[in-house]
Structure formats: structure tokens, C-alpha cells
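We did not get these values from a lab; they are worked out from the coordinates using the rules stated. Computed from a prediction, not measured in an experiment: that's the story for all the values here. Neighbour counts are summed over all protein chains in view; Cβ atoms, including those assigned to glycine, are modelled from backbone coordinates with ideal geometry.
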Amino acid sequence: MADSIQITPDIRIPEAALRVKAVRSGGPGGQNVNKVASKVELRVDLAGIEGLTEAARERLRIAVANRLDAEGWWIVTSERTRDQLANLEDARAKVVAAVLAALTPPKPRHATRPTRGSQKRRVEAKKRTGAVKKARRGGWE
């Protein structure tokens, strides 16, 4: 049922690395919600993605860490529409977007010095805090 997903000419997710399951969607919808399994649960085996570098695979694993099951499969769900096929396409689009985002390495951070204004604001805030604490010191005599 789940065809392979071509992400770039070099990167694809084969059918063997995909599992599709239709489940009942929650939320409003009357009796239809109890009858129709329109929500789609797409599971992706991160190890089965072909053409992905190890660095990109690790970035993807970190990005989707909260959506991994016990076996290490990535669970992508979609219940945007009341149509099962549209939800399947939406889940596939989410997979493509996440993998493409993992392909770009993060921009390295370069340390900069604090500006004169930020230093001044910091010192003034410390002085205000000290003044508040000094005002609290009174006597309970």
C-alpha cells in the first residue's frame, strides 16, 4: 500500500522501510468519527532510508526523537482531512519536509562580544535588583 518516497534524485525511502496504518480520528465529526478510519499513521524506518549521510540521519533522528517508537521507527500521523488518501499524502509530505530539513547542516555559531548597550543594561538591572534587596533589609525590631 505504501509506495516508496523519492525525496531527491539520490535519497529515497523504499517500500520496505514504510508501514501504513489507518486508525480512527478523534475530535468532532458526529457518528462518522466512530465509523471511518480516516487518520493515517505512517511509520518510517530511519535505518532504511537510502542515500542519506550518517550526519543527516543523526540530525533527523534528533529532530524526530519524540516521535520514535520502541523499535526505532518514526511515527508520522495526519488527520487534517476526512479523507484517508489525502491524509496519507499529507503524512508523506511531512516525511519529505523533515528529511529535506535534516539535509542542511546547522549554521555554526560564532561567538561575539556583548554590545556596550547590553552591558550597560545588565549592570543597571543588577543595580536595581540590589536596590530592591537593600530596601527589604529593614528591622523587625
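One table, with the values for the structure above:
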item: Debye, to nearest 20: dipole size of the stretch 58-141, +1 on Lys, Arg Cβ, -1 on Asp, Glu Cβ; result: 1460 debye
item: Choice from 114, 14, 28 with maximal GNM fluctuation in the chain (Cα, 10 Å cutoff); result: 114
item: From phi via Karplus (6.51, -1.76, 1.60), per-residue ³J(HN,Hα) for the stretch 3-11 in Hz, x at Gly/Pro; result: 6, 5, 10, 8, 9, 9, x, 9, 10
item: Residue with peak Gaussian network fluctuation, the chain [Cα springs, cutoff 10 Å], from 50, 71, 89; result: 71
item: Relative contact order computed over the chain (Cα-Cα under 8 Å; 6+ residues apart), in percent; result: 20 percent
item: ³J(HN,Hα), Karplus 6.51/-1.76/1.60, whole Hz, each residue of the stretch 17-25, x for Gly, Pro; result: 8, 10, 9, 10, 9, 9, 10, 6, 7
item: 5 Å-binned pair-distance histogram of the chain (Cα, whole percent); result: 2, 8, 13, 14, 11, 8, 6, 5, 5, 6, 7, 6, 4, 2, 1, 0, 0
item: Qualifying lysines (Cα of each under 30 Å from Cα of residue 21; at least 8 residues distant if same chain); result: 35, 39, 94
item: Charge dipole of the chain about the Cα centre (unit charges at C-beta), most positive-ward option of 102, 33, 4; result: 102
